[in-house]
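Notes for the one structure printed next.
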Amino acid sequence: MSIHLFRTNAVRMLTLVLIIIILLCGCGSGGAGSGGYFVSFTLDGTDYVLSRGYIDHDTLDDGAQGSIESGSGRIEIAAAGDLVTDTFNDGPALYLRIEGTVPGDYQFDAADSEGTFSFKSDDPIYYRDVNGENKFSLTLSSVASEVGGVISGTFSGSVYTGPVGSEVEKILSNGYFFVERIADDTISAPFN
């Protein structure tokens, strides 16, 4: 095992341990946001923990958030990094939509039939599978029946950035979301 691989695995393990500590402590301020709500993942070798939520361009909150869209019965998840402002130009922000509320496995494809993924980090925007190869998957583990509960699950796969026809594939792994369910119909994608 090379030193680089050892260091990479050590950083990932430390990140996982810190997330577990934050969850067990239920940190009310700082850390993973209010109540410990967050979205975390590794994209192209960089680890992200997004611990702020947003409803739209104007409202940023502590703790990553999820909402059910009552008309379509789908879940929308919003999370942002600590440096994000209402322009969404100052750091990472994520929008995740799941076409359903039943716990189980979802395959994201170019037609958005089971969901969509968008992630903005400074300049590039990353999207789920654009080639119809079903390389992005999500497992929805739990959906709270009441506002204030938890929506959680895991995700991984290929995401893409770049102009249409010249997309560059990047690998997303170790995706996990543990978000607070907020009032229905309150989240909108700020940069989709």
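All of the numbers you see were taken from the coordinates with simple rules; none came from a lab. Please read these numbers as outputs of a predicted model, since none were measured by experiment. Note that we place each Cβ from the backbone using ideal geometry, even for glycine, and neighbour counts take in every protein chain shown.
Couple of notes before you dig in:
- Cβ-derived FRET efficiency at R0 22 Å, Glu169 paired with Asp105, nearest 0.05: 0.50
- Remark: spin-label model distance Thr139-Asp82 equals 3.1 nm, labels positioned 7 Å along the Cα→Cβ axis.
- Approximate spin-label separation Asp185-Asp44, in nm, with each point projected 7 Å along Cα-to-Cβ: 3.8
- With each label modelled as a point 7 angstrom along the Cα→C-beta vector, the Val147-Ser72 pair spans 2.1 nm.
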